[in-house]
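The values are calculated or read from the model by the stated rules, or taken from the named source; none is laboratory data. Since this is a predicted model, take the numbers as computed values, not measurements. Cβ placement follows ideal geometry from the backbone for every residue including glycine, while neighbour counts extend to all protein chains displayed. When the accessible area is computed, the model is the full protein with side chains, heavy atoms only, and any ligands, DNA or RNA have been set aside. Shrake-Rupley method; radii C 1.70, N 1.55, O 1.52, S 1.80 Å.
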Amino acid sequence: MTPFLLYIGRSSLYLALFYAFFLLVMRRTTFFRLNRILLLAGTLVCFLLPLLRLRTVEVPFLMVGPLTETASEPALTAGPSAASPFPYLELLYAIGFLAVLGWTAVAMVRMYRTIRKGAATRLDDGTRLVLTEADVPSFSWGRTIVMSRKDAETNPVIRLHEEAHIRQAHTLDILLFTAVTLVHWFNPLVWITLSELKLLHEYEADDAVLNHGIDATQYQLLLVRKAVGDKRFTLANGFQHAKLKNRIDMMLKSPSSGWKRLSWLAILPFLAGTMFLCNPVRAKVVSSDLSETVLSETAPAALPDTTKVVPFATVEVKPTFNGGEAIEFSKWVNENLKYPQAAKDAGVQGRVTLQFTVYPDGSVRDTKVLRGVNPDLDAEALRVVSASPDWTPGYVKGEPVKVTYTFPVIFKLSGEKTEPKTASIHVTGDANDVFIRGALADSVLFVLDGKPVNRKDVNLETIESIQVLKDEKAIEKYGEKARYGVVEFTSKKK
């Protein structure tokens, strides 16, 4: 999962918790303005919380044996098995985002078309009043009120209602929540809360109308008459936009106790608990075989040039790559790694263990091979890791420090028939001639009287015997250069 989708998932969890609390505890209170302000502020907080990373305790965990043999190692595979999976989640998210964006754009276009068709008048307070001959539902958007000419003449109270929406800047709330629905289109609680926010707008506007001295009973009868209407302008604040029964019930409801405002504080421990859940305790694995440790992390002391090593548990802020942890670097390497064709043809695979250091300026330096497999594979792993973009460095007491990683890269061929580890070497014929077949023919080691030579320099007429060594026997006698087989020539004694 990409860092962006991980952020979206975490912020969606915070929003779901926050909105569920509002819907269960505060939605039926009469604190219209307070609920509206905290609903908007809480939404912004929920977008910021995933960006805060708490310092978590690392619990030591003893692992007997080398870490390179454990399944938890974030190793990479290359070649056919290393291809990045198709981004189904990203594609699904993009489709949903574009669908909601299209629906929003259609609603905006329809609304502005209606506004352009009417006759506009600029009022003394800067509000623009647009009257239409068609019997459209009244609504407000920004500082514009749209009404049918009939409603403007027979029901002036509707204009008071829409002016209240404008004074309280309800359009800004709608724009903010429209952005929230675009980002979190998959979260049903976001859509439910958007509906509740519009209902809060209606409660505030209704309360403002009644405070003008309008008779509550007559106003409620007007709401009933206007209850059945066209709801085309779903983005705007409309006179009959919200649930009629809820609006009338709220007009008749006694004011909520002032002490109930403190109920909002109850959400704080829930959000704090969710933050700790999103920042779980991490286990620090300690191996009895330090020479084989994979992804071990050590940091020098606070001064960049010091040789004293500080235990990783004391690194207050770990280095990050592309906004994520070390696993994000593994993904980046996996995307940029290319299986050398020569090694692929030869069927060579295995683990290349590298070491590199993230410096205080974020650069990756001191990259070296600790344990290699094949010159081509070693060079490719070294090339990719050395080309790493800058990291965000680790910190101790506010000072950047060096952090050294031991990093494994596994080259593995899967789904293909691999070539043998040695060439096909045959000694045939009375002349003791040598025939070598296979992709590894050029890698066979030729030895004449104990010394490596070129095959073309060997005159078979001077050779007394030929011996072929393969696999472990060859490596044991001549080292890694004999991995693909050895042909030993012994000259005739003079």
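Quick look at the numbers
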quantity	calculated
FRET efficiency, 1/(1 + (r/R0)^6) with R0 45 Å, evaluated for Leu23 and Asp366 via beta carbons	0.25
Environment charge at Ala208 (Cβ cut-off 10 Å; Lys +1, Arg +1, Asp -1, Glu -1)	-3
Additional length obtainable on full extension of the chain from Leu210 to Thr30, 0.36 nm per residue less Cα span	63.3 nm
Total charge dipole magnitude, region 133-198, about the Cα centre, Cβ charges on Lys, Arg, Asp, Glu only, Debye to nearest 20	140
Solvent-accessible area per residue, Å², over region 1-52 with all protein chains present [probe radius 1.4 Å]	44
Segment Leu92-Ile475, extension gain: residue separation times 0.36 nm, minus the distance between their alpha carbons	132.7 nm
Efficiency of FRET from Cβ geometry, Glu399 and Asn246, R₀ 41 Å, rounded to 0.05	0.10
Label point distance in nm, Leu175-Ile37, each placed 7 Å from Cα along Cα→Cβ	2.1
Cβ-based net charge around Arg159, under 11 Å, with every Lys or Arg adding one and every Asp or Glu removing one	-4
